[in-house]
Amino acid sequence: MKQDPADRWLQDGAARHRAGDLAGAEALYGRVLGRRPKDANALNLLGLIARARGDAARAVALSRQALALRPDSPVFLAAHGAALAEAGRPAEAVPFLADAARLRPEDAVTLRNLGQALSEIGRAQEALPPLRRAVALSPGEAEPPLALAHALRQLDAREEAIRAARSALSAAGDGPIAAEARFLLGALGAEAAPDRAPASYVRDLFDRYAPRFDADLTGTLGYATPEALAALLERAGAAKDGCAEALDLGCGTGLSGVALAPFAARIEGVDLSPRMLEEARARGLYHALHEADLLAFLPARPAAFDIVFAADVLNYLGDLGPAFAAVAVALRPGGRFAFSVEAAEGAAVALGEGLRFRHAPGHVASWLAAAGFTVAAREEAVLRRERGEPVRGALFVASRG
């Protein structure tokens with residue numbers, strides 16, 4: 001019997017896929033679908049390419065099509081669950097990943113994905129069995145023990161979390177996983193805290209959080225920092241005349257852009273997370289959006305802004321000196337810097353187990369003075385709620401001389 005050429009295209013596409021030639025693989029999978037539109041393997045593999053490229057919506061759609069054709073396939077269940085989790089939809093991902101893990105109980109990647117999704121939706125206790133199984137199935141790998149360490153941290157199991165994080169660090173070598181493990185160990189008090197959260201950790205965290213960010217913060221966590229900061233900015237003398245050139249640092253989904261709009265003729269936003277920027281773009285408030293680290297972005301825009309606004313951003317930096325100096329470069333003379341910090345007690349800077357830095361307001365004022373700022377307004381505030389408890393902080397407006 002003559003072989004269907006689509007079989008050869010699928011095999012060749014898979015070989016190119018493994019070799020990292022995503023464009024070549026994608027073209028071959030497309031040829032397969034041109035001949036066999038309901039080829040579940042081709043659809044699923046195209047979904048994996050979409051995930052590799054960060055196209056979460058396309059990955060979910062393609063994996064859903066593949067699964068509809070073969071609903072009992074553990075491979076397709078796992079792929080669809082992973083696509084949903086990466087798209088920031090962990091609650092939807094859990095049942096697919098659980099079914100895949102039940103059908104393939106030795107699949108360490110699916111077990112890890114299941115545990116991470118459960119942790120993200122506040123079910124860390126349920127996450128422990130799949131995560132521990134994933135660790136046992138993949139000795140010498142860094143990602144499973146790191147995921148386990150995060151779940152244990154949520155459960156306040158500090159000593160076990162430290163052991164898991166150390167295991168991840170020993171397996172990771174250099175790179176983002178090692179940086180995240182060190183950051184976690186710093187938060188748990190097992191090592192000296194780094195100067196800042198790893199950029200890769202912050203990017204991944206908010207990429208996954210983007211679809212539910214607004215609902216969680218403004219609904220579940222009672223977040224109103226942008227509005228409170230904008231009110232303080234007005235009391236410090238900034239006019240709501242729609243004339244300022246404003247920068248929203250760590251703009252996220254654009255909640256701060258809404259608060260800034262009455263002050264500004266033009267608003268730019270900068271954030272590490274591309275998915276947060278997609279959400280911000282949909283608001284239609286920003287004249288430009290930039291995917292960048294603030295410490296790299298600000299020095300490249302000297303005297304460009306009248307207002308720099310940073311709500312819930314500086315808690316991912318420990319030493320605020322470099323950030324304040326960079327903001328001073330980007331502000332015009334007389335410009336205003338409005339920002340929030342979570343308040344530390346005792347120490348000038350503390351990295352908490354919530355994986356955010358807290359800063360003593362008095363020390364913040366010293367950093368501002370060193371960067372050439374004058375504090376124009378300052379007030380204590382409750383920034384949001386966490387585990388039912390208020391997160392206390394401080395709001396500042398500083399003027400550049």
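Quick notes on this structure:
- Semi-axis lengths, largest first, of the ellipsoid equivalent to the range 238-308 are 18, 16, 8 Å, with √(5λ) applied to each eigenvalue of the Cα gyration tensor.
- Computed from backbone phi with θ = phi - 60° and the Karplus coefficients 6.51, -1.76 and 1.60, the 3J(HN,Hα) list for the range 238-255 is 6, 8, 7, 10, x, 10, 7, 9, 10, 10, 9, 7, x, 5, x, 7, x, 4 Hz; x is used for glycine and proline.
- Sequence-separation-based contact order of the range 206-400, relative, with Cα cut under 8 Å and 6+ spacing, percent: 21
- If you take all other residues with their beta carbon under 12 Å from the beta carbon of P322, and give Lys and Arg +1 and Asp and Glu -1, the sum is -2.
- In the range 5-191, Cα pairs under 8 Å separated by at least six residues give a relative contact order of 10 percent.
- Burial ranking of peptide ranges 281-292, 70-81 (average Cβ count within 10 Å, highest at the top): 70-81, 281-292
- The range 5-191: radius of gyration over Cα atoms, expressed as a fraction of 2.2 N^0.38 Å: 1.12
- Distances between placed amide hydrogens fall under 5 Å for A376 paired with V397, A398, S399, all partners being 5 or more residues away or on another chain.
- The distance between label points at R378 and D214 comes to 3.4 nm (points 7 Å beyond Cα on the Cα→Cβ vector).
- Between the labelled values [x] 82, 47, 36; [y] 72, 66, 31; [z] 65, 46, 40, the entry that holds Cα extents along the principal axes in Å as derived from this structure is [x].
- Long-range amide H partners of G335 with built H, under 5 Å: R400
- All Cα pairs of the range 206-400, percent lying beyond 25 Å: 29
- Karplus-based coupling profile of the range 372-380, in residue order and whole Hz: x, 9, 10, 6, 8, 7, 7, 8, 6, with θ = phi - 60° in 6.51 cos²θ - 1.76 cosθ + 1.60 and x standing for Gly or Pro.
- Sequence-distant contacts, meaning Cα pairs under 8 Å at least 6 residues apart, place the relative contact order of the chain at 9 percent.
Values in this text are rule-based calculations from the coordinates and carry no lab data. As the structure is a computational prediction, the values presented were derived from the model and not from experiment. Using ideal geometry, Cβ is built from the backbone for each residue, glycine included, and neighbour counts are taken over all protein chains shown.
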